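These notes are about the structure you will find just below.
Values in this text are rule-based calculations from the coordinates and carry no lab data. Nothing here was measured: the structure is a model prediction, and the numbers come from that model. Neighbour counts run over all protein chains shown; Cβ positions are idealised from the backbone, glycine included.
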Amino acid sequence: MQSQNFQVTLLFDQSPKEVFDAVNNVRGWWSEEIEGGTNKLNDVFDYHYKEAHKSRMRIIEMIPNEKVVWFVEHNYFNFTNDDTEWTGSKISFDITKKDTKTELRFTHLGLIPRLECYDVCSNAWSEYLEDSLSGLVTAGRGKPNKKEAKKKDTKKS
């Protein structure tokens with residue numbers, strides 16, 4: 001029986017190290033709004049996209065050039081009945097050499113079809129991975145969410 005967890009597999013001409021480094025450059029492919037460390041075991045980082053999605057990730061496994069796993073410590077969606085749907089799930093990046101290629105297998109363990117956010121979230125992950133992360137790996141440039149402009153304080157002293 002096939003797993004219902006959301007999964008995407010990508011192949012690259014680049015080395016496992018180049019793919020690993022790109023995965024850990026989360027600001028370069030997911031969001032420039034990431035706050036916190038993203039490249040060593042036990043780093044914790046916060047993500048948000050406008051008021052729609054906020055999450056806190058902890059890196060719970062890291063094997064250089066082979067694997068990275070994030071644990072979703074906290075999650076909030078403003079568009080689902082259960083606004084914590086991702087909380088407690090894991091996001092895994094498995095990197096392996098396949099002949100002359102490097103395979104990246106992304107799995108969001110816990111993002112399954114019965115969840116309300118499945119369609120929106122799986123489509124978003126697909127776009128981030130197939131377009132943005134792939135661009136970062138192959139061309140050195142991803143398409144992350146841009147930093148939001150800070151609202152100016154209009155109060156006069």
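Below are the figures for this structure:
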| read-out | value |
| --- | --- |
| Listed residue pairs exceeding 29 Å between alpha carbons, taken from Lys101/Lys147; Lys40/Lys143; Lys54/Lys97; Lys90/Lys147; Lys98/Lys146; Lys17/Lys143 | Lys101/Lys147; Lys54/Lys97; Lys98/Lys146 |
| Cα-based shape type of the range 73-157, given that a ≥ b ≥ c are square roots of the gyration tensor eigenvalues and the cut on a/c is 1.5 | oblate |
| Dipole of the range 6-139, positive direction: furthest Cα of Thr100, Asn78, Val26, with charges on the beta-carbon | Thr100 |
| Among 19-29, 87-97, 139-149, the order from most to least packed when residues are scored by Cβ within 10 Å on average | 19-29, 87-97, 139-149 |
| Part-to-part distance (alpha-carbon centres) for the range 69-91 and the range 35-68, which is given in Å | 13 |
| Overall dimensions of the chain as given by Cα atoms, namely Rg and Dmax in Å | 16.3, 66 |
